[in-house]
Structure formats: structure tokens, C-alpha cells
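Written out below as C-alpha cells is the structure these notes cover.
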Amino acid sequence: RQARFAELRDRPSVTRDGVAIDLMLNAGLLVDLPHIGETAAAGIGLFRTELQFMVASTFPRISEQLALYRAVLDAAGDRPVTFRTLDIGGDKVLPYMRTVEEENPALGWRAIRLGLDRPGLLRSQIRALLRAAAGRELRVMFPMVADVHEFDAARTILERELTHLRKHGHALPEKVHVGAMVEVPSLLFQLDEMLTRADFLSVGSNDLVQFLFAADRSNVRVADRFDPLSPAALRAFRMVAEAGLRHGKPVTLCGELASRPLEAIALAAVGFRALSLSPASVGPVKSVILDLDVGAARALLLPLLEDTSGAAEIRAALRAFAEDAG
Ligand code: PEP
Ligand code: MG
């Protein structure tokens, strides 16, 4: 099996009916970088910047952040890297940061909420990102955005940092793409407003599914209770993919969902053309993409979303479809 995946490494990720589905990597530390070359991924679709903070014993200095971001961009070369700003709080605690006990940490003071309330931290991170990307393209996205005004506020912080660096004569990125993660269901009802503001969106399916079904992703009793291949979740994913198409802006998905072959087929079928996944899953997912007739998968899946099919029927139908193709 491994040998078969290795042989696929240099084949372009294009379906049988000629649709390119870009496969990108989820990463977060220097040790992840060799995977870019090993998998021949199209880039890094999610760089989790909080990991550097989580393995440190004190807040990483700007110079340390800058050095990591520069090393990531160097390793990626011409391939795009999407940096996610700090997603701390909730289950991601920094031992050296004082926080308050929360009854519902996943719903609490985390990610962009913390970033906007303590803008010093977000500002210095953004400064490090802008400087690391001098002379190249930079892609930044904000986690856990629940309202377009949070995106506006975060983007304003970024614009101010750009102005500041320009005024002080620093070299700037060639271009800055600013996006948001779709992780909070309220954003599903603000997609047009988001896409007139943001340059791209990326679905964080781990959190989006957790919040859609109100099922704690880290509680084993409920985490797998609701299937992301159910019509409710698939309709949500489809809404995001179609909104991206409507606005002509890139929309990707970077949760663990894309790492599973049947789920990847479903995501391509509802309209995603870029997925970001764990390095070990690139081979298996590419293998199903190469065998996939995405037009046929779409024709199979969309009617199942309209009738009373449940996740079990959808899963069975997709499995039969994949076995026929492969
Ligand atoms: C997600 O929620 O799907 C996501 C990619 O972010 P994280 O898993 O880091 O919360
Ligand atoms: Mg998340």
C-alpha cells in the first residue's frame, strides 16, 4: 500500500473527469515541514501557530515567532502556506498564561475573541508574520470568527501593522490574503457578508461539527454520536462551497474530516476544490481522488441530501460508489 501511495506522489491531484482537487497539509511545528516534499502536497492549508506557544515555557518572543514563520515559508518554497493566528483558550491552554476557569471552555474566551480583547498578543504575532513574509505572499486566517465585525476588527489590526511597518521602512509582503475559518455556525448565515470582506474561507470541520450538533469533540461519549456525512452537516459544507463559487473566492476545508477517503469524496461532491489534511492521509485521499468521477459523485450525493436519507444510507451509497470506481 505504502509503495502504491509513493508511486502516486508525483501525479497531479486531478479526478478522472478532469477536476483538480488540491491537497494541502495541516501542520504546526518545524518537524512537519519535511512532509511537504515527501507528499508533494500543494502547500500548507493550515499552519496551527499556537503549537509553538504550547510547547514553550513562556511566551515566544517576536524574533522566535518570526524565525519559525520564515522557516515555514522557506520550506514551502513556491507553495502557499496559510497561517492561522493563535487559537489558544478552550482546550488549548498555555501553562504560563493566566486564565479564568470557564464552565464551557469550547464556547469561551478563546481564539480570535482572546486576540481582540488582548490585541497586544495578536498585533505582535501579525507583525512577525508580515516581516517573515517580506517579498513573498502571505496568507493569514483568523480562528473562531462568529460575526463579520470580529473579522473587520482583526483585519483592521493587520492593516495598522502593515502601515506601521511601511512607515518604518521595513520590506513588506508582496501580497497579503486575509481569510477566516468557518467554525462557528453563525457564520453560515453571514457567508455573503464574509465573502465580500475576506479573500478566502476555510472550514474548520472539527469545530463546525462540534458546534452544529452541540457535541463536545473531546468527550468520547458524544464526539462520534453525529456523523459528519449526515444531511445536516453536508448541507452546511455545501453552503460554504457554493458561497465561495458565487463570490469567486477560494474556499477550503482543513478539519480532520478531509483526511478520510469517503468524507473527501463527499466534500469534493458538494463543491470543495481544495482540502487540507494530515500528512499521512495525503496518499490514501489522493488515491480515491484519482479514481473519482466527481460529476457522478455529485449526481449521486445531492439527491440524497434532499430526501430523507440518513448518514448511514449516505455512507453506504458512497462506499458502494467508491468500490465501483476503484
Ligand atoms: C477545526 O476546528 O477543524 C480546525 C482545523 O481547528 P482545530 O482542530 O485546531 O481546532
Ligand atoms: Mg478549530
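Restricting the first member to region 171-188 and to residues that are closer than 15 Å to D87 by Cα, and the second to residues that are more than 16 Å from ligand 1 (Cβ to nearest atom) and assigned to a loop (DSSP other than H, G, I, E, B), the beta-carbon pairs closer than 6 Å and six or more apart or on different chains are G179/A198; G179/D199; A180/A198. For region 97-106, state whether one or more residues are assigned to a helix (DSSP H, G or I), at negative phi and within 16 Å of ligand 2 (Cβ to nearest atom). Yes, region 97-106 contains a residue that is assigned to a helix (DSSP H, G or I), at negative phi and within 16 Å of ligand 2 (Cβ to nearest atom). Here K175, K167 are screened, and the one residue that is surrounded by fewer than 17 Cβ atoms within 10 Å (Cβ to Cβ), within 30 Å of E242 (Cβ to Cβ) and more than 18 Å from the chain's Cα centre (by Cα) is K175.
Yes or no: A258 farther than 19 Å from I44 by Cα, surrounded by 16 or more Cβ atoms within 10 Å (Cβ to Cβ) and touching a helix residue (DSSP H, G or I) at 6+ places or on another chain (Cβ under 9 Å)? No: the conditions fail for A258. Among the residues of region 218-229, those that are in contact (Cβ under 8 Å) with a residue 12 or more places away in the chain and either surrounded by 21 or more Cβ atoms within 10 Å (Cβ to Cβ) or among the basic types (K, R) (or both) comprise R225, P228, L229. D22 - would you say it is out of contact with any Ser or Thr (no Cβ under 8 Å at 6 or more places or on another chain) and among the charged types (D, E, K, R)? Against the criterion (out of contact with any Ser or Thr (no Cβ under 8 Å at 6 or more places or on another chain) and among the charged types (D, E, K, R)), D22 does not qualify. Scanning region 125-150 for residues that are crowded, with 17+ Cβ neighbours inside 10 Å, away from ligand 2 (no atom under 16 Å from the Cβ) and either part of a helix (DSSP H, G or I) or modelled with pLDDT under 95 (or both) turns up Q125, I126, R127, A128, L129, L130, R131, A132, V148.
L94: without any contact (Cβ under 8 Å) to a residue 60 or more places away in the chain and either within 14 Å of ligand 2 (Cβ to nearest atom) or surrounded by fewer than 20 Cβ atoms within 10 Å (Cβ to Cβ) (or both), yes or no? Considered against the rule, which asks whether it is without any contact (Cβ under 8 Å) to a residue 60 or more places away in the chain and either within 14 Å of ligand 2 (Cβ to nearest atom) or surrounded by fewer than 20 Cβ atoms within 10 Å (Cβ to Cβ) (or both), L94 comes out as yes.
Per the listing A274, A258, A264, A297, the residue uniquely within 16 Å of ligand 2 (Cβ to nearest atom), of a type in the set (A, V, I, L, M, F, W, C), in contact (Cβ under 8 Å) with a residue 24 or more places away in the chain and under 30 Å from R139 (Cβ atoms) is A258.
The values are calculated or read from the model by the stated rules, or taken from the named source; none is laboratory data. All values derive from a computational prediction rather than experimental measurement. All Cβ positions, glycine included, derive from the backbone under ideal geometry; neighbour counts span all protein chains shown.
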